[in-house]
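This report refers to the structure that appears directly beneath it.
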Amino acid sequence: MPKAKQSKRRKKFDYNKNRKKLKRKFQKKSRPWIEDSHIRNAWDDSKSTASNLLEMGLSSDPNRTLPVKKTKSAAQRSRIITKPYILNQLEEEASLPEKDCKTLSSDLMEYVQYMIRQHKDDYKAMARDDKNYYQDTPKQIKRKINEYKRCHPQLFQAFVDSLGAPEPMLL
């Protein structure tokens, strides 16, 4: 009986496949990167994702954790948390106040300072100014000034004080 044609053919190296890319793809699928350091340090590679998350007191499937319909199996199942310190660390990190890290470009800060220096709080005059290259409306300019006040309150106060005039802007 003759052999199948395909089994007889020798294997050839495929030069068109990017081996580095294939290796990275395989590694990414097999072990995903965990951004949170607490979870990453407590992760056990020998266990499944669901069992790792269950030990930490986290949910792998929110539909099972908070079911729409109350089922007996979900209500009777007891959860044993062996790594409660992960939950405590995550809650502690989440309770910290979020820093306002937004900043404005130096060009925008100079633009706002120029407008205040020239026109005080007359937004219509600011909108007609020649330096208003982007043709901002009075409301847009007011929004930019308020953004500058909110993001850099110390710089704004120092700028207003440096003008020398008694409080030109309403704080």
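The values are calculated or read from the model by the stated rules, or taken from the named source; none is laboratory data. All of these numbers come straight from a predicted model, not from anything done at the bench. Reconstructed Cβ throughout: ideal geometry from the backbone, glycine too, with neighbour counts over all protein chains shown. These area figures cover heavy atoms from the full protein model, side chains too; ligands, DNA and RNA do not enter into them. Shrake-Rupley method; radii C 1.70, N 1.55, O 1.52, S 1.80 Å.
I'm checking my understanding of the structure. Among residues of segment 16-41 that are out of contact with any Phe, Trp or Tyr (no Cβ under 8 Å at 6 or more places or on another chain) and closer than 18 Å to residue 83 by Cα, which one is most open to solvent (accessible area, probe 1.4 Å)?
41
Among the residues of segment 82-105, those that are open to solvent by 70 Å² or more (accessible area, probe 1.4 Å) and either among the hydroxyl-bearing types (Ser, Thr, Tyr) or in contact with a Leu (Cβ under 6 Å, 6 or more places away or on another chain) (or both) comprise 82, 85, 95, 103. Condition test on residue 154, is it of a type in the set (S, T, N, Q), at pLDDT below 95, open to solvent by 90 Å² or more (accessible area, probe 1.4 Å) and not in a loop (DSSP other than H, G, I, E, B)? Judged against the criteria, residue 154 is a match.
When segment 106-148 is filtered for residues that are open to solvent by 70 Å² or more (accessible area, probe 1.4 Å) and either of a type in the set (A, V, I, L, M, F, W, C) or touching a residue at least 24 places away in the same chain (Cβ under 8 Å) (or both), the ones remaining, listed by number, are 117, 120, 121.
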